[in-house]
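The values are calculated or read from the model by the stated rules, or taken from the named source; none is laboratory data. Remember, it's a predicted structure, so these values are computed and weren't measured experimentally. Glycine gets a Cβ as well: all are built from the backbone with ideal geometry, and neighbour counts include every protein chain shown. Protein only, heavy atoms only, side chains kept; ligands, DNA and RNA dropped before computing areas. Shrake-Rupley method; radii C 1.70, N 1.55, O 1.52, S 1.80 Å.
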Amino acid sequence: PDRYERPGHVLDFHYASADFRGKEDRSRLEVYWGVPVLDMVADATETDVFERGISLFDSTWTPIYRKVTPMTFQIDKSEIEVGTLAIDELALQIQPGRYYLGVQINHPISNRQGGYTQEIVVEDYTHPGLGLSDIELAGQVEADSSVTLKGGHKVISMPSRSYKIGQPVVIYYEVYGLLPDAFGQTRYQVDYRITPHKGKLSGVQVLHALGRLLGIEEKSVVTISYEHTGSLPDEYNYIQVDPGDSKPGRYEITVIVTDQNTEQVIEKSVMLLIDK
């Protein structure tokens, strides 16, 4: 049995998840935590320690994974701004299917705790043909030779799914099952469609991306198109976008991948906020 004590104050934090193709017949579920540092500074020392917890249950509420781990980070009060997050993540290799996910953050120094539960569906990436992972919202993506996953890219997740005005929006995703032509070359097109649900787009520019830019169409919906060629069936892609003079609001980014050798098309979307 577990014992739960109601904390004196609730600790609010951000979390998100994304799934990718895993090892053998499994999928890789990544869970991201983001703790607002500014909220904790008054209670914290120069080195602060949280406890990051996760529980995963299958569709019948049978426990699959449960663990609480210390989450330590250094505090430099002179550099902390509103919205600064202490970020951590965990990756699990699990069978595709429907799960119940529980996440929590404990702050022992202030006796503050917070937690959330969510039903999630982890996709099966073992099927033949074109596949597309979830879209991970990120603060930064860079090449790192020490990283073995994600095509050698170090991805700093953005679990708040929120960007400040003027802050670049970065997304990471993976493409699976591209078929080569008779010369062993893969050819595919990626269209990034940015749709405002509350807000207005203006002056959107690409800061960095993989592939050859085909064009940017900016109307009420912005579409950015890239062409890619290669020799491998799987690709690890990202794009960094400057939202320009876009207004604060809620936006949807849709990634549409077209395999030009097979004419297969697949797409996925993610929601984000642009805020002051």
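By a 1.4 Å probe calculation restricted to protein chains, His14 has an accessible surface near 70 Å², given to the nearest 10. Counting charges near Thr262 (Lys, Arg +1; Asp, Glu -1) among other residues having Cβ under 14 Å from its Cβ returns a value of -2.
Positive contributions from Lys and Arg (+1) and negative ones from Asp and Glu (-1), summed over other residues with Cβ under 12 Å from the Cβ of Glu174, come out at -3. Considering only Ser145, Ser202, Ser162, the mean-square fluctuation computed in a Gaussian network model of the chain, springs between alpha carbons under 10 angstrom, is largest for Ser145.
Provide Trp33, Trp61 ordered by accessible surface of protein heavy atoms (probe 1.4 Å), highest first.
Values: Trp33 0, Trp61 145 Å².
Per-residue accessible area, sorted high to low, gives Trp61, Trp33.
Residues Ile266, Ile109 ordered from highest to lowest accessible area at a 1.4 Å probe: Ile109, Ile266. Farthest towards the positive end of the charge dipole of segment 164-276, among the residues Leu273, Gly215, Val204, is the Cα of Leu273, using unit charges on the Cβ of Lys, Arg, Asp and Glu. Measuring with a 1.4 angstrom probe and ignoring ligands and nucleic acids, Lys219 comes out at about 130 Å² accessible. For the chain, the residue among Ile239, Leu56, Leu179 whose Cα projects farthest onto the positive side of the dipole built from Cβ charges is Leu56. Inverting the pair-averaged 1/r between distinct Cα atoms of the chain gives 20.3 Å as its Kirkwood hydrodynamic radius.
To the nearest 20 debye, what charge dipole does the chain have about its Cα centre, counting +1 at the Cβ of each Lys and Arg and -1 at the Cβ of each Asp and Glu? All intermediate terms of the calculation are to be shown ahead of the outcome.
Working: 26 positive and 40 negative charges, 100 e Å.
Dipole size: approximately 480 debye.
Evaluate E = 1/(1 + (r/R0)^6) for Tyr116 and Arg212, where r is the Cβ-Cβ distance and R0 equals 45 Å; express this FRET efficiency to the nearest 0.05. E between Tyr116 and Arg212, to the nearest 0.05, is 0.65. Measuring with a 1.4 angstrom probe and ignoring ligands and nucleic acids, Asp124 comes out at about 70 Å² accessible. Along segment 14-22 the Karplus relation, 6.51 cos²θ - 1.76 cosθ + 1.60 evaluated at θ = phi - 60°, assigns HN-Hα couplings of 10, 8, 7, 8, 8, 10, 9, 5, x Hz to successive residues, with x for each Gly and Pro.
Tell me the carbon and sulfur percent of the accessible area for the chain, rounded to whole percent, probe radius 1.4 Å. Intermediate values should be presented prior to the final figure.
On the way: 7050 of 14390 Å².
Exposed carbon and sulfur together represent 49 percent of the surface.
Kindly report the accessible area of the chain per residue (heavy atoms of protein chains, probe 1.4 Å, no ligands, DNA or RNA), in Å². Kindly include the intermediate steps, with their values, before the conclusion.
Details: 14390 Å² over 276 residues.
Accessible surface, normalised per residue, equals 52 Å².
Over all other residues within a Cβ to Cβ distance under 11 Å of Gly215, the charged ones net out to -3, with Lys and Arg as +1 and Asp and Glu as -1. Taking GluC sites (Glu not before Pro) as exposed when DSSP calls them loop and at most 14 other C-beta atoms lie within 10 angstrom, the chain has its longest site-free stretch at 82-262. Remark: spin-label model distance Ala182-Ser231 equals 2.0 nm, labels positioned 7 Å along the Cα→Cβ axis.
A Förster radius of 51 Å, combined with the Cβ-Cβ distance separating Glu267 from Ile109, puts the computed FRET efficiency at roughly 0.70. Pairs of Cα atoms nearer than 8 Å and 6+ residues apart set the relative contact order; for the chain it is 17 percent.
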